[in-house]
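Below: the structure, in structure tokens.
The values are calculated or read from the model by the stated rules, or taken from the named source; none is laboratory data. Predicted model, so just to flag it, every value in this text is computed and none were measured. For neighbour counting, all protein chains shown are included, and Cβ atoms are generated from backbone atoms with ideal geometry for every residue, glycine included.
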Amino acid sequence: MKEKNGLRLARRLALGPYGLWAMLFILVPLLFVAYYAFTDNDFAFTTDNIARFFTATSVSDGVVTHTYLLIFWRSLKLAVISTVICLLMGYPIAYILSRSPLRTQKILITLIMIPMWMNFLIRTYAWMTILQDTGILNSFLRLLSLRPVHIIGTEGAVVIGMVYDYFPYMILPIYSVMAKMDVRLEEAARDLGCNSFGVLRRVIFPLSLPGVISGVTMVLIPSISTFYISQKLGNGKFYLIGDAIEGQYVANNLHFAAAIAFILMVILLIGMALMQRYANSRAAA
Amino acid sequence: MRKIIELKNVSKAFDGQTVLDNVSLDIYDNEFLTLLGPSGCGKTTTLRIIAGFESPDSGSLSFLGEDILSLPPHRRNVNTVFQRYALFPHLNVFENIAFPLREKKVPQDEIRGKVDEMLRLVALTGFEKRSVTSLSGGQQQRVAIARALISRPKVLLLDEPLAALDLKLRKDMQQELKNIQKATGITFVFVTHDQEEALSMSDTVVVMSEGRIQQIGTPIDIYNEPRNAFVADFIGESNILSGIMLQDRLVRFSGRDFPCVDEGFARNEPVDVVIRPEDVVIVPKGQLRGTVTSVTFLGVHYEIIVDIGGFKWMIQTTGFADVGDEIGIYVDPENIHIMKKSEYSGLFGDYSSFSNEFDELSDAESEAEP
Amino acid sequence: MKTSAKIYTALIMLFLFAPIAILLIFSFNAAKSLSVFSGFSLYWYRELFRDAETLGAVRNTLVLALSAAVLSTAMGTAAAVGIFRLRSKVLRAAYDTVTNIPMINPDIITGISLMLMFVFVGRLFGAATSLNFWTMLIAHITFCLPYVILQVLPKLQQMDASLPEAAMDLGCTPFRAFLKVEIPEIMPGIVTGLIMAFTLSLDDFVISYFTAGNGFQTLPIRIYNMTKKTVTPKMYALSTIIFFTILALLIMTNLIDTGPGVEKQEKKERSAASKRRTKLAFGIGAVLAVGMAAVLFLGAPKKPVLNVYNWGEYISDGSEDSFDVLQGFEDWYLANYGHEVEVNYTTFASNEDMYAKLSSGAVSYDVIVPSDYMIARMREEGMLLPLDFDNIPNYQYIGESFKNLYYDPDNLYSVPYTYNFTGIIYDANRVDEADTGDWDLLWNPKYAGQILQFNNSRDAFGTAQYKLGLDVNSDDPADWQAALAALKEQQPLVKSYVMDEVYNMMESGEAAVCTYYAGDYFIMADAQAPGVELSFYAPERTNYFVDAFCIPTCCQNKELAEAFINYMLEYEPAVANAEYICYGCPNRLVYEDGAYAEDMGEEAMEILYPNLDDFGEKYEQFAFRNLSPAMLGTINTLWEELKIN
């Protein structure tokens, strides 16, 4: 049986480096986040950092607000809006793609992916040039003698930036699920009396749900934690949770930065678990 | 005849579920041996143990008298034809067949010659450069056989190789496999769940069920002298009735005494009585009488179900009877087979719930399973 | 496709490529502006190829992305094979979960978590630097791994499980069976995984930002650190080159992949094509790997290295026909000391950014350029080494006004590099002359929606404190509350809180009033759009600051560092830097030089060098000083309070 064991050992060995790596560089670092979050500058245990996130308040015009809860709420709101827009814009294009001739599909997918290879900071910068009040968009509107619009520095601009930067992450997973879907299913549904909307609602959408979920995850997560887009396109007016973490890091408050990161991580993990559960229950039903 | 492979008391369980239970089996030189049984009976596992892909929990396996359990697959002198052929999609026909020789670093000229020879054997000359994915099922099958035979193994293992082919092709391939086996003189161990295939091709049939060997014998022995109700039912159709052996050559079932040819049972021993449907003759008066409940025309003969005292018999006959007719039957003493009671007694042989469609469905099911 | 689908697809493509088109166009801009196109020119492409720092960053980015892609693909493939073979359901679930973590955790958390660990472990072992190329590589491999695994695993699952068994049956050892049968089967997954890992690593900014260390700067970090000055069209030129390179590569692989008259060809042709593609992928991989090894091993310098940590865009680097000071130093050093040195130059975006990196013990530098208040803080915390002025004879050229300042009263730790002050820049075509003169312009409702304020707490609070006549270094929280109230009052008028974005907004006329550093006014005025007439004044009470060379305690080669500082005070590099940065220069060789004065122009000389005799006095009165950690915490909180509204 020696050689057999050797074989099993080889399989273990193939997994070994990754197992060790995942332990050292995925799991242990998360423990460090928790460790920093629950200690003060002298590494003594404290819950102050966590408490500060939930209790810190600020007063403006006599109204008391919870600083970090408000920041978190704003981040969540903008991220959800961006995700929904990505989904609404991306779903049809994914469908169109998956039903195009193969050659067209290939070209379009390549086109969609090209912007991902351009540096994300530079892309965001280019949006500034487009959106600012004297920017390309408004020059164009003036040319058509339309009223110029004020976008830069609004929540709208931040949302545009997020949608733009993460849009391909929504299209690609939905497309890959739809491309595998049997076209005959649609024909069967039509044959059985569904109209176009019925086909979408009762056949295409349920089947594409796994793609939708991974697309939503891949857009929501980075947009909730971004800290560059808001600085550039929001004119520095929209302080998001990512900005808060980066701000605390730059101000050398590592422990509080870790606390914010820890809370964000816990909230996201719970959120993802719930979403996965929902997806599973849908799949089971 | 020389014994090539010997399995002794081999047992194997997956996740606590027994798959092989104390199996012992000898395989001889130049033999066409078939492992026959429904899916999950352990036949494929037996094959994989011989090939070296699984190791048994207990028991021994020897090859020409030498224990080979510790040898990995690539060092065993057996080759396998896989169920779905397992041809390498990134290699063409020639390279697939040449694969084992390339592993052994055989010189190119020699490879050329041997591959040509194999292609001739499986009638695929001229297909060398074709991609294996462009071949039909039958052609892929031949490539798989050529590939497995090229290094002249002592034993060729075939795991349901014909399951994916359509009926006509399957018949042709059965004949061809048999021819190849004769031409090469290599021992074939063939796994199938199709009893007709097993009976028509094999020198020896091993009937398996629930991880145990039920009977080993020539196709004729197995058909004529099934050892228990399971074998009787699995090999062809059988009416199996519960009876009592009154004395030698006299058995009682269905409330009547019948003369038979079996001896050697204890007096008044409970037994299973097997009567093949084609051995039942319809006569005006007969030993037993009953009412016809269904008639199916099958081309060569009719299949008639008769209710006799609540037990439904199957009869295959060229004569005709209509549903509702009351008929008499007669069974020749030669055709009454007596078996000892076994755990399978009472499970098979009554056609109360029988329908052809159901039979086909369950066949298809067992084929679909790996 | 239906017409509606075509139109929709076209609109989406327009959305995706509009910004790309913008950067293609502006990369050919004759002027420095990113918002006003003033003529076609290849100027920025020439500039790009002269910019050693950017090219170095490109090289670093490629080296890192390639190493990360190759290593994560190798490890990820092995891992996928191992996971695929796992029989235990529990182990399988555990691996799936762990693999998912870097994908559902935001980048910022992955970055922070790795940084915390590296720094902690580095400190534990007393390492001088815990962040370096290798920590970045580890971070990149870590976030690429799951993507590789998720590409390879499905290919294994799709593979007929009996294929490897067949190979073993036919005489292969398990390992040979893996090489000869499994690898070709899962190759498409491996190639996709490799490309994905490369792409992700190439574009990553956030994780790199937290784990970047000593002298190893990637392109995204270089771009981010340009925020003190401005992102130049040079970067657009670089992006344009990247764009066309990728386009060419994609077209090439597509041509090879499909060839002429593809669609109707038989399957076997396709498999031949895919084989060719696999070979091509291997070929490219091999060439890149060899290139990488060459860069890593040949590029590793054996000469002494000087690590310099400076603000972004804060040295004359040979761009725009300027003198390349770093190259100058290497030549000068060879000529004077007889052996070669190499300068490893890295940039930071703010004092706090630099302080965070240095105090974490994550990095080690030989020369740094902090601002005054940060020098005071670092000196108090024992983070600076006293200088040996015998090695810096050129210190004699520093003007007397710039000596004995509060942050270094005995002139032991620092050598001034630049000085400057905050002022107000406005568009004379839109702002009444009568409204100018003091800080009130920033609070003037007449210019609502056209005012820019600093996006950095200390400078922003400063404007309010100078306006209100408060002490900018007050330790009374009430003073800061008052300043906050003023900022809140100003908030509705503010168009934008900015740092480097100020250039574009002022140049293009997007905003009419801003507060920024005096030297930067000249850069903006040079690039102003037609119809914009920028002007500058400094209110009486304003922030004066000095940035100075210092040597941190983590310095590895102090004499070399002092030689560098000394060189920076020589005539040629000093003038070049002063003209490049446009800030005031405390070096007499410079500000008393006629040629320099002529280059800068009368207006600039008047603004930058008003009357240096009372500089020391004003400086002592108004400059930012180091505040206590508690006070800094308070300011941070107040700043967040302002920003959330």
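Within the range A:33-47, the set of residues being farther than 16 Å from residue C:207 by Cα and out of contact with any strand residue (DSSP E or B) (no Cβ under 9 Å at 6 or more places or on another chain) comprises A:34, A:35, A:36, A:37, A:40, A:41, A:42, A:43, A:44, A:47. Residue C:175 falls short on exactly one of the conditions (1) away from chain B (no Cβ under 14 Å); (2) surrounded by fewer than 22 Cβ atoms within 10 Å (Cβ to Cβ), and that condition is (1).
Filter the range B:76-123 for residues that are of a type in the set (Lys, Arg), out of contact with any helix residue (DSSP H, G or I) (no Cβ under 8 Å at 6 or more places or on another chain) and either buried (at least 20 other Cβ atoms within 10 Å of the Cβ) or not in a loop (DSSP other than H, G, I, E, B) (or both) and give the result. Explain how you work it out, then say what you get.
Restricting attention to the range B:76-123, the residues satisfying the condition of being of a type in the set (Lys, Arg) are B:76, B:84, B:102, B:104-105, B:112, B:114, B:120.
Of the ones still in play, those that are also out of contact with any helix residue (DSSP H, G or I) (no Cβ under 8 Å at 6 or more places or on another chain) are B:104-105, B:112, B:120.
Residues satisfying the conditions are B:112, B:120.
Against the test of being more than 14 Å from chain C (Cβ to nearest Cβ) and in contact with a Leu (Cβ under 8 Å, 6 or more places away or on another chain), the options B:64, B:47, B:35, B:20 yield a single qualifying residue, B:35. The selection criterion, being more than 23 Å from residue C:359 (Cα to Cα) and modelled with pLDDT of 90 or more, holds for residue C:420.
Scanning the range C:434-448 for residues that are surrounded by fewer than 15 Cβ atoms within 10 Å (Cβ to Cβ) and over 16 Å from residue C:535 (Cβ atoms) gives C:440, C:445, C:446, C:448. Of all the numbered requirements in (1) surrounded by 20 or more Cβ atoms within 10 Å (Cβ to Cβ); (2) assigned to a loop (DSSP other than H, G, I, E, B), residue C:471 misses one, and that requirement is (1).
Of all residues in the range B:22-33, those that are in a loop (DSSP other than H, G, I, E, B) and modelled with pLDDT under 95 have Cβ atoms under 8 Å from Cβ atoms of residues that are crowded, with 18+ Cβ neighbours inside 10 Å and not hydroxyl-bearing (Ser, Thr, Tyr), 6 or more apart or on another chain, in B:29/B:4; B:30/B:186; B:31/B:188.
Give the residues of the range A:114-157 that are out of contact with any helix residue (DSSP H, G or I) (no Cβ under 6 Å at 6 or more places or on another chain), over 20 Å from residue A:236 (Cβ atoms), assigned to a helix (DSSP H, G or I) and more than 7 Å from chain C (Cβ to nearest Cβ), sorted by residue number. Within the range A:114-157, A:138, A:139, A:140, A:141, A:142, A:143 meet the criteria. Could you check, for the range B:95-109, whether at least one of its residues is more than 14 Å from chain C (Cβ to nearest Cβ) and not polar (S, T, N, Q)? So far as the range B:95-109 goes, yes, one or more of its residues are more than 14 Å from chain C (Cβ to nearest Cβ) and not polar (S, T, N, Q). If you go through the range C:1-35 and pick out every residue that is in contact (Cβ under 8 Å) with a residue 40 or more places away in the chain and either facing chain A (nearest Cβ under 9 Å) or loosely packed, with under 15 Cβ neighbours inside 10 Å (or both), you end up with 5.
Which residue out of A:213, A:229, A:245 is within 7 Å of chain C (Cβ to nearest Cβ) and out of contact with any strand residue (DSSP E or B) (no Cβ under 7 Å at 6 or more places or on another chain)? Steps first, answer last, please.
On the way: A:213 fails: within 7 Å of chain C (Cβ to nearest Cβ); A:229 fails: within 7 Å of chain C (Cβ to nearest Cβ).
Just one listed residue meets the conditions, A:245.
Evaluated against (1) closer than 23 Å to residue A:70 by Cα; (2) crowded, with 22+ Cβ neighbours inside 10 Å; (3) touching a residue at least 60 places away in the same chain (Cβ under 8 Å), residue A:221 falls short on exactly one condition, (3).
On inspection, residue C:121 fails the criterion of being facing another protein chain (nearest Cβ under 8 Å), farther than 30 Å from residue C:521 by Cα and either over 28 Å from the mean Cα position of the chain (by Cα) or in a helix (DSSP H, G or I) (or both). Counting just the residues of the range A:48-96 that are more than 30 Å from residue A:171 (Cα to Cα) and hydroxyl-bearing (Ser, Thr, Tyr), which one comes out nearest to the other protein chains (Cβ to nearest Cβ)? Restricting to residues being more than 30 Å from residue A:171 (Cα to Cα) and hydroxyl-bearing (Ser, Thr, Tyr), the top hit is A:58.
Among the residues of the range C:68-75, is any within 18 Å of residue C:211 (Cβ to Cβ), away from chain A (no Cβ under 12 Å) and buried (at least 21 other Cβ atoms within 10 Å of the Cβ)? Yes, because at least one residue in the range C:68-75 is within 18 Å of residue C:211 (Cβ to Cβ), away from chain A (no Cβ under 12 Å) and buried (at least 21 other Cβ atoms within 10 Å of the Cβ).
Any residue that is at pLDDT 85 or above and under 30 Å from residue C:515 (Cα atoms) - is there at least one of those in the range C:326-336? No, the range C:326-336 contains no residue that is at pLDDT 85 or above and under 30 Å from residue C:515 (Cα atoms).
Could you grab me the full set of residues in the range C:546-562 that are surrounded by 20 or more Cβ atoms within 10 Å (Cβ to Cβ) and not in a loop (DSSP other than H, G, I, E, B)?
Here is the first cut: in the range C:546-562, the ones surrounded by 20 or more Cβ atoms within 10 Å (Cβ to Cβ) are C:546-552, C:555, C:560-562.
Those that are surrounded by 20 or more Cβ atoms within 10 Å (Cβ to Cβ) and not in a loop (DSSP other than H, G, I, E, B): C:546, C:547, C:548, C:549, C:550, C:552, C:560, C:561, C:562.
Pairs are defined by a Cβ separation below 8 Å, a sequence spacing of at least 6 or placement on different chains, a first member in the range C:465-483 that is of a type in the set (Ser, Thr, Tyr), and a second member that is crowded, with 19+ Cβ neighbours inside 10 Å; the pairs so defined are C:466/C:439; C:466/C:472; C:466/C:539; C:466/C:542; C:466/C:543; C:466/C:622; C:474/C:465; C:474/C:480.
Here are some residues: A:227, A:256, A:205. Which one is on the phi < 0 side of the Ramachandran plot, part of a loop (DSSP other than H, G, I, E, B) and of a type in the set (Phe, Trp, Tyr)?
Values: A:256 fails: part of a loop (DSSP other than H, G, I, E, B); A:205 fails: part of a loop (DSSP other than H, G, I, E, B).
Residue meeting the stated conditions: A:227.
Residue selection: residue C:418 satisfies the criterion of being touching a residue at least 40 places away in the same chain (Cβ under 8 Å) and under 30 Å from residue C:563 (Cβ atoms).
Restricting C:104, C:138 to residues that are facing chain A (nearest Cβ under 7 Å) and under 30 Å from residue C:358 (Cβ atoms) narrows the list to C:138.
Which one of these is within 27 Å of the chain's Cα centre (by Cα) and surrounded by 15 or more Cβ atoms within 10 Å (Cβ to Cβ): A:116, A:23? Talk me through it step by step, then tell me what you get.
Working: A:23 fails: surrounded by 15 or more Cβ atoms within 10 Å (Cβ to Cβ).
Answer to the selection: A:116.
Scanning the range C:516-525 turns up no residue that is charged (D, E, K, R), in the same structural domain as residue C:367 (by TED's automatic domain parsing) and either at pLDDT below 90 or touching a strand residue (DSSP E or B) at 6+ places or on another chain (Cβ under 8 Å) (or both). Every condition in (1) over 19 Å from residue A:34 (Cα atoms); (2) modelled with pLDDT under 85; (3) not aliphatic (A, V, I, L, M) holds for residue A:249 except the one numbered (1). Pairing each residue of the range A:274-285 that is over 16 Å from residue A:216 (Cα atoms) with any residue that is at pLDDT 75 or above and of a type in the set (Val, Ile, Thr), provided the two are 6+ apart or on different chains, yields no C-beta distance under 6 Å.
Going through C:364, C:414, C:359 one at a time, which residue ends up being of a type outside the set (Val, Ile, Thr), at negative phi and surrounded by fewer than 20 Cβ atoms within 10 Å (Cβ to Cβ)? Quick ask: steps written out before the conclusion?
Numbers: C:364 fails: surrounded by fewer than 20 Cβ atoms within 10 Å (Cβ to Cβ); C:414 fails: surrounded by fewer than 20 Cβ atoms within 10 Å (Cβ to Cβ).
Just a single option satisfies the conditions, and that option is C:359.
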